Amino acid sequence: MNAAAPADARPLARALGAATFGLALGALLLARRGPSAAVPGPQVRRRLPLAPDVDQRDADACASTGAAWPDDAGHEHTARNDPATSALQARRLYQAAAMLAASVLSDSALEHYRGGFENPGMFTPLASAAVVLACALRGAGRDAARAAPTPQLGAPAVRVRSRAPVHARQPARRLHRADDAHPAATVPYATACAVGAAGLGFHAYNVLRRPGGLSWANLFYAAPLGAPAALLLAGVIMLAARAVAAGAPTLAGLPSGRALCGLAAFGLAGTSAEAALLHFRGTFQHPAMWVPVTVPPVTAVMLAGAALPGPPGPRRLTNALLKVCTWLGIVGMGFHARGIARQMGGWRNWSQNVLSGPPLPAPPSFSALALAGRAALALRAAQAGPQREAA
């Protein structure tokens, strides 16, 4: 049981929780009530002076697929991503953020309930994760229609009669609402990043203030460091999903595919480290406990390689590893449920065994990050141009 928080910290924590919840709800209301408008049509791309060995037609082909091409000064220019590809991968990112936020919400609720909510700030990650989950589900549902495949050039036109009334038929370009471009729409995600960073500091303080400081016993039984980092990661993925849905070719100064590959690699490595710590506490008593500490790190290394400049690397192998990580989260929940059933009283004593047994909401984090990694790898391959089939 964690030690009680100082009396002077309680008003501050209570104010932080109320401010976080109020800002998130206010941002949602502003985003939903914003005026809707159609997305402007594609802008005319300014032709840049190309390198001597680069043909203009090759540059136009790269621009149409979102790839990069060099100019006469040696600088690479990245075009906007294809709208259908951007919508599909943005939907995957929204789904990944929703899974990660649901995992954080469930895990934080269980762990903080076990701690008796001694610090009022323990309610803050629950509110923030719930708002991120709602926004992610809304974004995934909104971009589902935008991810429909578009007819290719030269393909015969197929006329499909719709049974919907004429007034209900809206052009596809109106699906991306202008209220998502409102600055307040990013407040819930930035708030989740801030709450995750603050929670990471609180958990680190909880570990260091115990007798023995930074020791194995305190890392085993004190506040977990990986839980608030997962909330921070969910907020970052949501910010990236909004940019990808808008067709942004770059994130943080890097091509969006490379940036997201690095982000997914970092998340998988951190989640695997947290699993290794807890499974080491359980002395790896089951052979399956070795899988979360072997497969995800290898996948993280492959994604980190795809984040580097140059060819994306063996894409098929990386995709296969990401699919394994996706199933790892689902099967891991089954193993954790089995671990709870083996506790005294089994599921009949669920109110105690769910708190003391293996964390049931933890494994889906692997599935969420694997889904984000698959979206990142698809964007990376689309932006690789002619080298995308090198795998």
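Below, the figures for the structure above:
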quantity	calculated
Residue 225 open to solvent by 50 Å² or more (accessible area, probe 1.4 Å) and in contact with a Leu (Cβ under 8 Å, 6 or more places away or on another chain)	yes
Count of the range 288-319 residues which are loosely packed, with under 13 Cβ neighbours inside 10 Å, modelled with pLDDT of 90 or more and not in a loop (DSSP other than H, G, I, E, B)	1
Residue 249 vs. criteria at pLDDT below 90, closer than 14 Å to residue 373 by Cβ, over 16 Å from the mean Cα position of the chain (by Cα) and open to solvent by less than 30 Å² (accessible area, probe 1.4 Å)	no
Test: residue in the range 64-83 that is open to solvent by 20 Å² or more (accessible area, probe 1.4 Å) and modelled with pLDDT of 90 or more	no
Which numbered condition residue 343 fails, given (1) polar (S, T, N, Q); (2) part of a helix (DSSP H, G or I); (3) free of Cβ contacts under 8 Å to residues at least 60 places away in the same chain; (4) buried (at least 16 other Cβ atoms within 10 Å of the Cβ)	(2)
Which numbered condition residue 104 fails, given (1) open to solvent by 40 Å² or more (accessible area, probe 1.4 Å); (2) modelled with pLDDT of 90 or more; (3) not charged (D, E, K, R)	(1)
Test: residue 117 is touching a helix residue (DSSP H, G or I) at 6+ places or on another chain (Cβ under 6 Å), at pLDDT 50 or above and among the aromatic types (Phe, Trp, Tyr)	no
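The values are calculated or read from the model by the stated rules, or taken from the named source; none is laboratory data. Please read all numbers here as calculations on a predicted model, not as lab measurements. Methodologically, a virtual Cβ is constructed for each residue, glycine included, from the backbone with ideal geometry; neighbour enumeration extends over all protein chains shown. Ligands, DNA and RNA are excluded from the accessible area calculation, which covers all protein heavy atoms including side chains. Shrake-Rupley method; radii C 1.70, N 1.55, O 1.52, S 1.80 Å.
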